[in-house]
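Everything below concerns the one structure shown next.
The values are calculated or read from the model by the stated rules, or taken from the named source; none is laboratory data. From a predicted model like this one, the values you see are computed outputs, not experimental measurements. Here the Cβ is made from the backbone with ideal geometry for all residues, glycine too, and neighbour counts use every protein chain on show.
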Amino acid sequence: MKRHPVLIPLSHEHRQALFAAQIIKYGISRYKGAPTTTQEKLAYIQSFHQEQLGTHFQFEEEVLFPLVRGRDDIIDRLLTELAEEHALIIAHMNTLDQGDDCEQKLDRLGHALEAHIRKEERQFFERLQAVLGDEGLMKLKPHVESYQVMDRMCRTELSRTAPSETPTPN
C-alpha cells in the first residue's frame, strides 16, 4: 500500500533509522564514509540516537500513539508491542559502553532497530491507513507537522554544537 502523505515524514525517519541499523550490524557491507571500527560505530549510533531516534520515539509515544489508541484492537496491540520495543532498543543503547562485547551489542541493537522499524512500516502504518482512512489520517497532520518543526529546530541547534557527516552508500 502506498504511504499516506501525513505518514511520509515519519517513514523518511524510519529509512534513516534502517540505514543506521545497517551501519552498526556486524558483517554488513560497508558504505562510503561509514564508520568501520567498533568505536566509530558506537559514536555514530549514540549521535544518531541523541539527534534523531530519541525524539522520534518520544513523539510516537507521547503524541502519535495516544492519538490512535482505542480505534482498533490490532492497532492497540501493535502500540503495546512498539512501546515495548522502544524500551528494548533504549536498553540496548544504555549497555553499549559496558563490557568488552560492544561489537555484539551493536549487532543486537542493529537487528532490534531494523525489526522494529519494519514492524512500524509494514504492520502499524499499514493498519493505520486501513482503519483511519484519509479523513482520520488528516487529523494527525497538525501533530506531525508540529513535530517536524520542533525536530528541525532541535537538529539545527545540535548541528551548531556538534556537526556530523552522514555516510552515503557506495
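Below is a table of values for the structure above.
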| item | result |
| --- | --- |
| Elements of type helices (runs of 4 or more DSSP H) contained in region 36-75, each with 3 or more residues being under 18 Å from the mean Cα position of the chain (by Cα) | 38-48, 54-59 |
| Some residue of region 130-142 being modelled with pLDDT under 95 and basic (Lys, Arg) | no |
| Positions within region 29-75 being among the β-branched types (Val, Ile, Thr) and either without any contact (Cβ under 8 Å) to a residue 40 or more places away in the chain or closer than 28 Å to Leu137 by Cα (or both), in sequence order | Thr36, Thr37, Thr55, Val63, Val68, Ile74, Ile75 |
